[in-house]
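Colleague: First the structure, then my questions, so here it is.
The values are calculated or read from the model by the stated rules, or taken from the named source; none is laboratory data. Everything quoted here is computed from the prediction, not taken from an experiment. Note that each Cβ is placed from the backbone with ideal geometry, even for glycine, and that neighbours are counted across all protein chains shown. In case anyone asks, the SASA skips ligands and DNA or RNA and just uses the protein heavy atoms, side chains included. Shrake-Rupley method; radii C 1.70, N 1.55, O 1.52, S 1.80 Å.
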Amino acid sequence: MAHRSYLRELFEGLDTGVLIADDQARYVDVNRAACDLFGRTRSELVGHHLSEFIEGARAADVNTQWAAFIRDGMQSGIFNIQLPDRSSRMFEFQAKANFVPGLHCSFLTPLPEPTEGSTGPHLTICAWTKRVRVDGKWIAIEEYLQERHGLSVSHGICPDAFAAWQCR
């Protein structure tokens, strides 16, 4: 089919890294830009588990994040990829679960290298509890916003959550 060749050309021609994974977080396809960003060939990525490339990754942490991603349907954030020379590179990602049943895609763009003394412009938030990691410990996001930014926090229920609760 002609449209498949157009889609393949589009996929390969993007400057954004695109990775497609199965339900077990193993890559089944990647484009040229993803190979360049990871510093690896297609065969060094396809068939391999996501955790093999995340700096300092522990399988349990990756599996927890992956389960949250599948549950929520979308995920975005920042993470470090370990390059073949054992250095790392920080990326921003956006991911969509089940863009076709059982396949999940991620779009990667590199972040600028942090300047000396900076830790980078990111905050790690637990995908399950929504607690944030600050100075090596997990705290409530409300505590973080109050302590670091002087913001008071109140709570409400968004319309989507309220509608889901009413349907029980």
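Colleague: Ranked from the most accessible area to the least, with a 1.4 Å probe and all protein chains present, what is the order of Lys130, Lys96?
Modeller: If we order Lys130, Lys96 from most to least accessible, we get Lys130, Lys96.
Colleague: Hey, another quick one. Which whole-number value in Å² is the accessible area per residue of the chain, probe 1.4 Å?
Modeller: 66
Colleague: In the neighborhood of Met74, defined by Cβ-to-Cβ distances under 15 Å, what is the net charge if each Lys or Arg adds +1 and each Asp or Glu adds -1?
Modeller: Net charge in that neighbourhood comes out at -1.
Colleague: Can you tell me the dipole magnitude for the chain around its Cα centre, using point charges on the Cβ only (Lys, Arg +1; Asp, Glu -1), in Debye to the nearest 20?
Modeller: 400
Colleague: So how exposed is Trp66, as accessible area in Å² (1.4 Å probe, rounded to 10)?
Modeller: Approximately 40 Å² for this residue.
Colleague: Another question, if that's okay. Report, to the nearest whole %, how much of the accessible area of the chain belongs to carbon and sulfur atoms, 1.4 Å probe, protein only.
Modeller: C and S fraction of accessible area: 55 percent.
Colleague: Let me ask something additional. Summarise the long-distance tail of P(r) for the range 13-57 by giving the % of C-alpha pairs beyond 17 Å.
Modeller: Roughly 25 percent, once rounded to a whole number.
Colleague: Here's another thing I want to ask about it. At 222 nm, what helix-only mean residue ellipticity would the chain give, in deg cm²/dmol to the nearest 500, using -39500 (n - 2.57) for each DSSP H run of four or more?
Modeller: -9000 deg cm²/dmol
Colleague: Follow-up. Let me check something: with ligands and nucleic acids excluded, how do His104, His48 order by accessible area (1.4 Å probe), largest to smallest?
Modeller: Working: His104 0, His48 60 Å².
Largest to smallest exposure gives the sequence His48, His104.
Colleague: Which order do you get for Phe107, Phe79 if you rank them by accessible area with a 1.4 Å probe, largest at the top? Walk me through the intermediate numbers first.
Modeller: On the way: Phe107 85, Phe79 45 Å².
Descending accessible area places them as Phe107, Phe79.
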